[in-house]
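**Student:** Submitted below is the structure of interest, expressed as structure tokens.
The values are calculated or read from the model by the stated rules, or taken from the named source; none is laboratory data. This one's a predicted model, so the numbers in the text were calculated from it and none came from an experiment. Reconstructed Cβ throughout: ideal geometry from the backbone, glycine too, with neighbour counts over all protein chains shown.
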Amino acid sequence: MALLTTPSPAPESNANTNFLRPNSSLFNSESDEELLSVKSKSRSPRSSTSENLQMLSLRDHYEINGDLGKGTYGKVVQAVCKETGTKIALKILPKSSTKLRDFQREFNISYYLSPHANIVDTYNVAFETRASYVFALEYAPLGDLFDSIPPQIGMSEQDTKTVIRQLASALEFMHSKKLVHRDIKPENILVMAPDFSRVKLMDFGMSRRDGAMVRKTNGSIPYTPPEVCEAVRNESIQVTTGADVWALGVLLFCMLTGNFPWENADIGDIYFKEFILWQRRKTTKVPSQWRRFTPRILKFFRKTLEIKPHRRSSVKELAKYANDPWLLQATEIGNVESDSGTEAEQVDHLSIMLRDHGIETRVDKRLRDRRISEWLLTL
Ligand code: ATP
Ligand code: MG
């Protein structure tokens, strides 16, 4: 099983490129147009939208304070607007690798979904520089969720519940608008409060309309659903809300364990195969890394990680399980149906039991090396 590090999918071409502005009143009211034409004379970035892109120099209008993240498509920097003094984040997409319509689609979806409490606020500011397309987002000082998931340990059940409920709400909203995110992963979830009471979904670069046809040009990551994993390069695949439901299931596993359930949702992956055999009731043996979960949340996993997308539950399903316990107590783990298990599986169980009793079983290599060198210095 892989450690929690996520590769990024490469860009993908889209057969359905006509993403219409979802809420034209946001952009097209007469008064807005008047306002824009008046303001655009001042060449303020705040008067430039994706429909009215102004050519600006970044440094004339923003003080740039460093990178917040670099992705496959571009980078996000922290900036202060010189005109207003507001701290913001700027997503900068190089023209060399980004088509204008892809930039407009990402900006429009992000802006349109902004009113939801669990979706990043996108300001009505988009412009171009000589080399890039740029739009402005609210700045999240705590960064993304990835750093909050301790590898091989996972987050507490309580924090996981707090995060996943908000995420399900954001996805329910998106799906109700017939949009699919298609890139659900911890790196695309911003943490707005240290106790996770507010998290926000972001990065709508892969988002498309539900039902749209896209061509597969990217590789798979652990969150990719099986119907996408099995498609060959350039094959046409249909966008479905089920892809987000699948990724939500994988994310839930990652948050509770600090591991990926598999590297690829492909039958050639032994961890995936083991899960599918149990999921299709070919065996009653719960795969070892799933034995820490209660029967209730296993039922949720069974419905969410359903291999056939049309049989997969909707994101609303989570609400039915939200108040159940999700992780077994250490004493209960041994009772989950299994054969005697391999030695590795038994060690796994033992480690979980010890950890639940506050006994640390994993030795931090750097800590161990430091202790050894400190000990050597005392000799
Ligand atoms: P990828 O292709 O890897 O998914 P991307 O190029 O589409 O990434 P984003 O996901 O939008 O770019 O942003 C990259 C990273 O920048 C995020 O994972 C996050 O860590 C950081 N980031 C993005 N937006 C913000 C923000 N508003 N506040 C703070 N950090 C942010
Ligand atoms: Mg991203």
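**Student:** Hey, residue 83 hits all of (1) surrounded by fewer than 16 Cβ atoms within 10 Å (Cβ to Cβ); (2) at pLDDT below 90; (3) more than 16 Å from ligand 2 (Cβ to nearest atom) but one; which does it fall short on?
**Tutor:** (2)
**Student:** Out of the strands (runs of 3 or more DSSP E) lying entirely within the stretch 172-248, which hold 3 or more residues that are more than 13 Å from ligand 2 (Cβ to nearest atom) and not assigned by TED's automatic domain parsing to the domain that holds residue 272? Show your work before the answer.
**Tutor:** On the way: elements: 189-191, 199-201, 213-215, 236-238.
Counting at least 3 such residues, we get no strands (runs of 3 or more DSSP E) at all.
**Student:** Take the residues of the stretch 66-75 that are closer than 19 Å to residue 191 by Cβ and more than 6 Å from ligand 1 (Cβ to nearest atom): which is surrounded by the fewest Cβ atoms within 10 Å (Cβ to Cβ)?
**Tutor:** The selected residue is 66.
**Student:** Does the stretch 142-150 contain at least one residue that is of a type outside the set (Gly, Ala, Ser) and more than 15 Å from ligand 1 (Cβ to nearest atom)?
**Tutor:** Quick first cut of the stretch 142-150, residues of a type outside the set (Gly, Ala, Ser) only: 142, 144-147, 149-150.
Adding the requirement that they be more than 15 Å from ligand 1 (Cβ to nearest atom) leaves 150.
Yes, the conditions are met somewhere in the stretch 142-150.
**Student:** Right, something else. Considering the stretch 160-171 alone, what residues qualify as being crowded, with 18+ Cβ neighbours inside 10 Å and charged (D, E, K, R)?
**Tutor:** 161, the sole residue that qualifies.
**Student:** Starting from residues that are touching a residue at least 12 places away in the same chain (Cβ under 8 Å), in a loop (DSSP other than H, G, I, E, B) and more than 16 Å from ligand 2 (Cβ to nearest atom), keep the ones in the stretch 108-141 and report whichever is surrounded by the fewest Cβ atoms within 10 Å (Cβ to Cβ). Walk me through how you get there before you give the answer.
**Tutor:** Step one: of the stretch 108-141, the residues touching a residue at least 12 places away in the same chain (Cβ under 8 Å) are 108-113, 116-140.
Those still in the list that are in a loop (DSSP other than H, G, I, E, B) too: 116-118, 120-121, 129-131, 139-140.
Subsequent filtering for residues that are more than 16 Å from ligand 2 (Cβ to nearest atom) retains 116-118, 121, 129-131.
Working: 116: 19, 117: 13, 118: 22, 121: 20, 129: 17, 130: 9, 131: 11.
Here the answer is 130.
**Student:** When the residues of the stretch 256-289 are filtered to those that are assigned to a helix (DSSP H, G or I) and out of contact with any Asp or Glu (no Cβ under 8 Å at 6 or more places or on another chain), which remaining residue is nearest to residue 183 (Cα to Cα)? Show your work before the answer.
**Tutor:** First, pick out the residues of the stretch 256-289 that are assigned to a helix (DSSP H, G or I): 256-257, 270-279, 288-289.
With the extra rule that they be out of contact with any Asp or Glu (no Cβ under 8 Å at 6 or more places or on another chain), the set shrinks to 257, 270, 273-278.
Working: 257: 20, 270: 24, 273: 23, 274: 25, 275: 22, 276: 23, 277: 26, 278: 27 Å.
Of everything passing the filter in the stretch 256-289, 257 is nearest to residue 183 (Cα to Cα).
**Student:** Look at the stretch 301-351 and say how many of its residues are part of a loop (DSSP other than H, G, I, E, B) and modelled with pLDDT of 70 or more. Let's see the steps before the verdict.
**Tutor:** Of all residues in the stretch 301-351, those part of a loop (DSSP other than H, G, I, E, B) come to 305-308, 312-314, 321-326, 328-329, 334-342.
If we keep only those that are modelled with pLDDT of 70 or more too, we end up with 305-308, 312-314, 321-326, 328-329, 334.
Number satisfying all stated conditions: 16.
**Student:** Looking at the stretch 197-222, which of its residues are under 15 Å from the mean Cα position of the chain (by Cα) and more than 21 Å from residue 110 (Cα to Cα)?
**Tutor:** Answer for the stretch 197-222, where residues must be under 15 Å from the mean Cα position of the chain (by Cα) and more than 21 Å from residue 110 (Cα to Cα): 220, 221, 222.
**Student:** Further question on the same structure: Quick test of your reading of the structure: residue 78 fulfils all but one of (1) over 25 Å from the mean Cα position of the chain (by Cα); (2) assigned to a strand (DSSP E or B); (3) within 15 Å of ligand 1 (Cβ to nearest atom). Name the failing condition by number.
**Tutor:** All conditions pass for residue 78, except number (1).
**Student:** Among the candidates 308, 282, single out the residue that is under 25 Å from the mean Cα position of the chain (by Cα), surrounded by fewer than 19 Cβ atoms within 10 Å (Cβ to Cβ) and basic (Lys, Arg). I'd like the intermediate steps shown before the answer.
**Tutor:** Numbers: 282 fails: under 25 Å from the mean Cα position of the chain (by Cα).
After applying the criteria, what remains is 308.
**Student:** Moving on to the next point. Scan the stretch 179-193 and tell me whether some residue there is over 15 Å from residue 241 (Cβ atoms) and away from ligand 1 (no atom under 16 Å from the Cβ).
**Tutor:** No, because not a single residue in the stretch 179-193 is over 15 Å from residue 241 (Cβ atoms) and away from ligand 1 (no atom under 16 Å from the Cβ).
**Student:** How many of the residues making up the stretch 266-287 are under 24 Å from residue 150 (Cβ atoms) and of a type in the set (A, V, I, L, M)?
**Tutor:** The total comes to 1.
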